[in-house]
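Below: the structure, in structure tokens.
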Amino acid sequence: MKKYLHLIVALSATWALSTAALAADEKPYEITADGKISENAMEGWRTYNGGGCGACHGKGGVGAVGPNLANSVTQVLTKEQFVDIVTNGRSGTMMRPHKTNKRVMDNLDNLYAYLVARGDDVLGPGNLIKLPMGKEK
Ligand code: HEC
């Protein structure tokens, strides 16, 4: 039994290391073979605008009345916290719940992907149709 115990400990250590490495590398967006942002982040940009986030968080999430969301998702919040705040809002602030906004609720992952790409400076704050990466080259 002792022999197996060592094996189990070794195996779980390897597993823990590999999942940690995966979590660090894993980005919620991709750059496609032709050098464009993946469709999920593109859809996140559409949702950001369609959902009216820019009215308070500025163009491309740069911040206005509300905080800079590109920084929030890469430096402040976990993904779970992001989902929770967008869904339930922050009581006592201008950040209202969006749980009845179907478009926003259906696109939480896409919104997150877009904002992480902004925070990583892969995307600029611009219009992704006019400027495919949201910034001048
Ligand atoms: C009416 C203005 C307004 C709108 C519209 C709005 N927000 Fe906010 N949001 C705020 C304010 C103000 C805060 C800061 C709340 C506080 O004081 O903690 C905030 C906070 C947040 C936070 C937490 C940021 C952090 O670092 O703690 C997230 C995430 C967020 N908003 C996402 C969104 C998204 C996504 C949308 C669009 C679906 C959106 N917001 C629409 C005003 C707004």
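The values are calculated or read from the model by the stated rules, or taken from the named source; none is laboratory data. Treat the numbers as computed from the prediction; the structure is a model and nothing was measured. Glycine also receives a Cβ, built like all others from the backbone with ideal geometry; neighbour counts cover every protein chain displayed.
What to note about this one:
- The set of residues in region 105-119 that are more than 8 Å from the ligand (Cβ to nearest atom) and within 13 Å of the chain's Cα centre (by Cα) comprises ASN107, LEU108, ASP109, ASN110, TYR112, ALA113, TYR114, VAL116, ALA117, ARG118, GLY119.
- Matching residues in region 56-91 - criterion: being assigned to a loop (DSSP other than H, G, I, E, B), on the phi > 0 side of the Ramachandran plot and more than 9 Å from the ligand (Cβ to nearest atom): GLY58, GLY63
- Selection from region 92-113 of residues that are in contact with a helix residue (DSSP H, G or I) (Cβ under 8 Å, 6 or more places away or on another chain) and part of a helix (DSSP H, G or I): ARG103, VAL104, MET105, LEU108, ASP109, ASN110, LEU111, TYR112, ALA113
- In region 92-104, of all residues being surrounded by fewer than 15 Cβ atoms within 10 Å (Cβ to Cβ) and touching a residue at least 12 places away in the same chain (Cβ under 8 Å), the one that is farthest from the ligand (Cβ to nearest atom) corresponds to LYS99.
- Residue check for ASP120: in contact (Cβ under 8 Å) with a residue 60 or more places away in the chain, closer than 22 Å to GLU136 by Cα and of a type in the set (Asp, Glu): yes
- Within region 83-104, the set of residues being of a type in the set (A, V, I, L, M, F, W, C) and within 18 Å of ALA55 (Cα to Cα) comprises ILE85, VAL86, MET94, MET95, VAL104.
- Hits in region 66-91 (condition: farther than 24 Å from VAL122 by Cα and in contact (Cβ under 8 Å) with a residue 12 or more places away in the chain): THR87
- Qualifying residue in region 114-121 (condition: under 20 Å from MET133 (Cβ atoms), modelled with pLDDT of 95 or more and outside any helix (DSSP H, G or I)): yes
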